[in-house]
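Laboratory data are not the source of any read-out in this text; all were calculated from the coordinates shown. Everything numeric here is computed off the predicted structure, so don't read it as measured data. Note: ideal-geometry Cβ built from the backbone for every residue, glycine included; neighbour counts use all protein chains shown.
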Amino acid sequence: MSKISVLAQLILAFTGVMPICAFSQGLSPNQASTHQLPSSQPDRIILNISENPLEEIGVNWRTDSTQHVSKLEFAVATPGPEFRESTQFIEAKTETLVSQQDDEPTIHANYHQVKLSGLKAGGQYIYRVGEGENWSEWFQFAIPEDSKEVNFLYFGDTQNEVLAMFSRVFREAIINLPKMDFTVYAGDLINHESADFEWGGWFDAGQWIHATIPSMMTPGNHEFSKNPATLTPHWNAQFNLPTNGPIGLEETTYEVNYPELKIISLDGEQIDESPTYRQAQMDWLRGILTNNPRKWTVITFHYPVYATHPDRYHDKMIDHIRPILQEFKVDLAIQGHDHAYARGQAFEENGIMDYDKGTMYVVSIAGPKMYEVKTDEWMDRKAYGTQTYQWIKVKDDVLTFKTYTALGTLYDSFEIRKGPSGQNRILNHIPNTPERLQTQ
């Protein structure tokens with residue numbers, strides 16, 4: 001064949017694909033997200049924390065609706081591939097979710113879940129999920145040692161542009177810090193409660209991290225539709241969280257118990273919207289905090305008691321939840337919703353505020369959407385326009401808290417030291433760097 005003939009064929013071939021290239025570049029955002037559609041290959045694989053995290057763990061994943069049966073294969077991890085000779089199979093519990101929101105297509109997907117139990121503290125395990133010819137890669141995870149030390153990450157709202165803008169924060173935390181035992185999300189994981197492609201972006205932001213480090217999440221207002229407030233069906237389908245809270249609030253209000261740490265999730269949206277569920281949570285919270293044998297208590301909920309601007313205080317959290325936190329001397333409250341960073345103590349008694357005692361309150365933001373910050377008496381440290389991640393370490397009589405920016409730079413730090421009679425002493429280790437605040 002002559003060089004001219006070859007060149008002519010190449011030109012024709014290129015001309016033939018040009019309309020396809022132009023069409024691809026002109027896709028709408030939802031057309032461009034078709035890679036988020038489910039298939040026979042498992043995706044959105046996630047570990048979730050259990051109420052007894054030294055003994056069990058939850059696993060969830062998604063396939064298309066043709067995969068009626070899906071399994072988890074697991075074993076004790078080994079230094080080499082010999083674990084494959086002694087694996088066990090567990091058939092998952094499967095449910096179908098049909099979802100559609102805004103201009104997304106109607107999506108039919110099967111969600112599969114397994115609760116792995118009988119695990120050993122300090123053990124390392126390996127697993128994959130699937131069926132037939134469709135299997136994930138192998139993922140490895142560890143159960144914490146029963147050493148009374150716990151390390152975890154805390155993120156405020158991820159919500160907007162999650163894959164584009166939150167992923168770097170999450171990945172920087174994993175690179176910069178020691179290995180975490182679990183991760184806490186303080187609500188508003190996405191922006192539109194049943195937008196499946198947005199959920200896909202959230203899973204993509206964490207990728208393999210979700211499948212190897214357990215997640216704990218509390219719902220925010222953006223996980224609910226309105227009138228009445230209704231939790232997105234994605235929540236219970238794609239997560240496998242504890243169900244030890246009040247009836248009707250399974251997997252949103254619950255407790256997790258380590259040997260020396262109790263960490264609690266409250267459903268902030270139902271505190272705000274439903275008098276019935278508000279009272280149920282208040283009664284339940286009092287019940288689990290009465291005669292609480294654990295040295296440390298941390299609580300997470302979406303709406304902050306104290307906001308990063310005085311005009312954004314949440315009256316129902318102040319009126320109904322703050323008195324319980326004060327009565328039972330809850331050590332730390334980690335919150336979301338208010339898209340900025342602030343932390344400090346506050347204690348109200350007979351209408352008088354004391355900013356040197358009581359629960360330590362923290363509000364943070366992991367995504368790119370930002371709110372104005374205004375100085376308030378309760379704040380020890382604050383920041384505007386700053387994506388952060390937080391490392392919390394609990395060991396013996398010390399809770400250590402460190403806040404880092406998306407660059408991995410330490411921005412805030414303190415310790416809570418617990419005395420023999422349970423009283424707390426705060427030691428601030430705030431870096432000698434200016435606060436990041438908006439220009440006037």
>> Per-residue counts of other Cβ atoms within 10 Å, averaged by peptide: what ranking do you get for 178-189, 70-81, 267-278, 391-402, highest first?
In response: 178-189, 267-278, 391-402, 70-81
> Between the helical axis of 167-176 and the dominant principal axis of the chain, each derived from Cα atoms, what acute angle in degrees is found, rounded to the nearest 10?
Replying inline: 70
> So for the pair Thr375, Asp311, with labels modelled 7 Å out along Cα→Cβ, what separation do we get in nm?
Replying inline: 1.9
> Which ordering of Thr252, Thr359, Thr34 is given by a fewest-first count of other beta-carbon atoms within 10 Å?
Replying inline: Thr34, Thr359, Thr252
>> For region 255-327, give me the percentage of DSSP beta bridges that are antiparallel, rounded to the nearest 5 percent.
In response: 40
> Based on DSSP H runs of at least 4 residues, each adding -39500 (n - 2.57), what is the mean residue ellipticity at 222 nm of the chain after dividing by all its residues, to the nearest 500 deg cm²/dmol?
Replying inline: -5500 deg cm²/dmol
>> Of the listed values (1) 23, 55, 21, 1; (2) 24, 58, 16, 1, 0; (3) 24, 54, 18, 3, 0, identify the label whose number matches P(r) over Cα pairs in 20 Å bins from 0, in percent calculated from this model.
In response: (3)
>> If R₀ is 30 angstrom, what is the calculated FRET efficiency for the pair Asn176 and Lys329, using the beta carbon separation as r and rounding to 0.05?
In response: 0.40
>> Counting just the Cα atoms, what span does region 156-288 cover along each of its three principal axes? Round to the nearest Å and put the largest first.
In response: 42, 39, 21
>> Taking every DSSP beta bridge with both residues inside the chain, roughly what % is antiparallel (nearest 5)?
In response: 80
> Which peptide among 328-336, 99-107 comes first, and what is the full order, when sorted by highest mean count of other Cβ atoms within 10 Å?
Replying inline: 328-336, 99-107
> What is the gain in length, in nm to one decimal, between Asn134 and Thr433 on full extension, counting 0.36 nm per residue of separation less the C-alpha to C-alpha distance?
Replying inline: 102.5 nm
> What is the fewest-to-most order of Trp235, Trp135 by other Cβ atoms lying within 10 Å of their Cβ?
Replying inline: Trp135, Trp235
> Relative to the longest principal axis of the chain, what angle (0 to 90°, nearest 10) does the C-alpha long axis of helix 275-289 take?
Replying inline: 70
>> Please compute the contact order of the chain in relative form: average sequence separation of alpha-carbon pairs under 8 Å and at least six residues apart, divided by the residue count, as a percent.
In response: 13
> Of all DSSP beta bridges in region 233-367, what percent run antiparallel (nearest 5)?
Replying inline: 45
> How large is ³J(HN,Hα), in whole Hz, for each residue of region 374-389 in order, when computed from phi with the Karplus curve 6.51 cos²θ - 1.76 cosθ + 1.60 and θ = phi - 60°, using x for Gly and Pro?
Replying inline: 10, 4, 9, 4, 6, 7, 8, 8, 8, 7, 10, x, 9, 7, 9, 10
> With springs only between Cα atoms under 10 Å, which of Leu427, Leu325, Leu54 fluctuates most in a Gaussian network model of the chain?
Replying inline: Leu427
> Of the lysine pairs in region 294-440, how many meet both conditions: Cα atoms under 19 Å apart, and a spacing of 8 or more in sequence or different chains?
Replying inline: 18
> Measuring from label point to label point, each 7 Å out along Cα→Cβ, what is the Leu410 to Ile352 span in nm?
Replying inline: 3.6
> Among 37-49, 411-423, how do they line up from the highest to the lowest mean number of other beta-carbon atoms within 10 Å?
Replying inline: 37-49, 411-423
